[in-house]
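Asker: One structure, pasted below without further comment.
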Amino acid sequence: MAVMDASAEQLAGRADNAFRARFGRDASVVGIAPGRVELLGNHTDHNRGLVLAAAIDRHTCVAAAPNDSGRVRVWSDTLDARDEFEITSLSPLPRGSWSNYVRGAVAALIDAAVPLRGFDAAIVSDIPLGGGLSSSASLECAAAMAILGLFGDEAPSPPAGMDLADRLKDAEQTFAGVQCGVLDQFSCLLGKQGHALTLDCDTLLFQTVPLGSTPPAIVVCDSGAPRQLAKGKYNERRSECEQASVALHQLNPTLPRGIVPSLRDIPMHIFVDQQSLLELVPARRARHVLTENQRVRTGVEILRRAADVRGLGQLMLESHRSSRDDFENSSPELDLLIDLASRQPGFLGGKLSGAGWGGCTVNLVETEHAESFAENVSREYSSRTSLKPSIMICHAADGARAKTAEDLGSEI
Ligand code: ADP
Ligand code: MG
C-alpha cells in the first residue's frame, strides 16, 4: 500500500478525531482529496483549450460512518457548522451555503446508482477556503470518496476517474450554482505525486507528466490584495474572447469547429495572418489564449521528454507576461510578487494563477531553497506594499482516495 504523505496522514487523523468528538463513535472510512494549482493554461478553460495543473499536498478529509437511518448528518470542523438532510428529498440550500458541495456529491452518487444509506460525516481541511486552490472541488471529491468507501462496493459500477469528475462538476453547477468547468474536480481526483496533469478542455483527454526525480516545490503566494473587480472583469474577458472567436470563424467559414465554436478551433498561423483584421482588444485577448495553449503543448512535451522543470519555469514566466500585457488580468501586487520571486535563488519560474486581478501567484522553486524563498518574498513584499502575503510551500500530490480505519491505523 502506498504510504500517504505526512500532511494527508495527519489530517486524516484529525478528521477521525473530529468524527469521534462529534458523533461519539469511530468513523469507518476517511475520504481524502487534495487541492490543486494551475501551472499553465490561464483562462484557456472557457475557450475549450489546454491546461497544465497539479494536485497539491493540502487536503480536505471527510471521516464517515453509516448511521442506520435515511439521513445524512454532516459537520464541518473548518467552519464549525452542521447540516442534516434526508437522502430521499435532496435539494440545494440557498446559494453560498457550504453544505451544497456535500449535498451535490451525495446527489451525484445517487444519480450514478450508488445505493446510499444514511451516514454521519466530519470534515477537516488545510486548504484556504476561497483562495483559488479549489477547496470546493476538494470537498466534493473527499465527500464522494468517503461515500464510495462506505457504499461503493454495493454499486453495480461505481463511478471513477473522469466520469466521476464530470458528475461532481455537474453537481457543483446544480447545487452550488457555480458555472465551473471540470478542471478542478479532474485535478483533485486524478493527481499524481511528483507529476503534473494536462487536460484538453475540448476533448477531455488527459495525461500525467513527470516533474522529475526531485520535483520542485510549488510555492503559492497569496497577494492579500482585494479582488472586488474580478467578477465583472472575468465576464468582460469571456465576452472579448467570444468576440474574437466569432470574428475569426466568420473570416474562415470552412474551418472545422468544435460542438461549441471557440478560439480552440483557430490555428495559430490563421490568427497570425488575420489578427490585424480584428479589433485591437479582442485580438490581444485571443493572442493570450492561443499562445497559452501553445505553452501548455510545449510544457507537456518538455516534461515528457526530459522532465525539464527549468523549461517549464520559463514557460510560466512567459505566461505571466502574456497575462499582464495581452489578457490584462494581472495587478501591480501580482507583478511585484513575480518580480521579487525572480530575484531569489532556486526560483525556476512563476505566474499569476486563477482568474487574476489579485489572488495568487504559483511559483516553481528548487526544494532546498523553498523556505528561504518564502521568507524573503514575504518580507520584501510586506515592506513594499504594507500587505501581508500568505505563502504556502506545496508539492505535487496524489489524487483523491478513501482509507478505512484499519488503513489509517497501519500507516500512523
Ligand atoms: P475555492 O474552491 O477556490 O477554495 P470556492 O469559492 O469555489 O473557492 O469554494 C469555497 C467554498 O467551498 C467555501 O466558501 C465553502 O462553502 C466550501 N468549502 C470548502 N472547504 C470547506 C470545508 N472544509 N468545510 C466547509 N465548507 C467548505
Ligand atoms: Mg472552487
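Asker: So, in Å, what gap is there between the alpha-carbon centers of the range 1-56 and the range 134-165?
Answerer: 12
Asker: Hey, another quick one. Taking the number of other C-beta atoms within 10 Å as the exposure measure, put Leu280, Leu164, Leu251 in order starting with the fewest.
Answerer: Working: Leu280 8, Leu164 25, Leu251 14.
Ascending number of Cβ neighbours within 10 Å: Leu280, Leu251, Leu164.
Asker: Each residue of the range 67-84 in turn: what ³J(HN,Hα) in whole Hz from Karplus with 6.51, -1.76, 1.60 and θ = phi - 60°, glycine and Pro shown as x?
Answerer: 10, 6, 9, x, 10, 9, 10, 10, 10, 9, 5, 4, 9, 6, 9, 10, 8, 8
Asker: Given the C-alpha centroids of the range 223-298 and the range 327-386, what is the distance between them in whole angstrom?
Answerer: One Cα centre to the other: 27 Å.
Asker: Just the isolated ones, please: cysteines in the chain lacking another cysteine beta carbon under 4.7 angstrom.
Answerer: Isolated Cys, the chain: Cys61, Cys180, Cys201, Cys221, Cys241, Cys360, Cys394.
Asker: Moving on. In nm, to one decimal, how far is the modelled label at Gln173 from the one at Ser239, with both set 7 Å along Cα→Cβ?
Answerer: 2.2
Asker: Using r as the Cβ-Cβ distance of Gln250 and Thr203, and R0 as 22 Å, what FRET efficiency do you calculate, to the nearest 0.05?
Answerer: Values: r = 25 Å, r/R0 = 1.12.
The calculated FRET efficiency here is 0.35.
Asker: Given a Förster distance of 41 angstrom, what is the FRET efficiency for Ile87 paired with Met268, based on the Cβ-Cβ distance and rounded to 0.05?
Answerer: 0.25
Asker: Same structure again: Tell me the relative contact order for the chain as a rounded percent, counting alpha carbon contacts under 8 Å between residues six or more apart. Intermediate results must be reported in sequence, preceding the final value.
Answerer: Details: 901 pairs, mean separation 97.2, N = 412.
Reported as a whole number, the value is 24 percent.
Asker: Figure the gain on full extension for Ser390 and Ser97 (residue separation times 0.36 nm, minus the Cα-Cα span) and round it to one decimal in nm. Show your work: numbers first, answer last.
Answerer: On the way: separation 293, 0.36 × 293 = 105.48 nm, distance 2.55 nm.
Stretched fully, the Ser390-Ser97 segment lengthens by 102.9 nm.
Asker: With the cut-off at 31 Å, tell me which of the pairs Lys169/Lys388; Lys192/Lys233; Lys233/Lys403; Lys169/Lys231; Lys233/Lys388 have Cα atoms farther apart than that. Provide the component values of the computation, followed by the final result.
Answerer: Working: Lys169/Lys388 33 Å; Lys192/Lys233 33 Å; Lys233/Lys403 42 Å; Lys169/Lys231 20 Å; Lys233/Lys388 25 Å.
The answer is Lys169/Lys388; Lys192/Lys233; Lys233/Lys403.
Asker: Let me ask something else about it. Place a label point 7 angstrom from the Cα of Glu154 along the Cα-to-Cβ direction, then list the residues of the range 19-35 whose backbone nitrogen is under 16 Å away.
Answerer: Under cut-off, by backbone N: 28-29.
No value in this document is a laboratory result; all are computed from the given coordinates. Remember, predicted model here, so these are calculated numbers, not experimental data. Glycine gets a Cβ as well: all are built from the backbone with ideal geometry, and neighbour counts include every protein chain shown.
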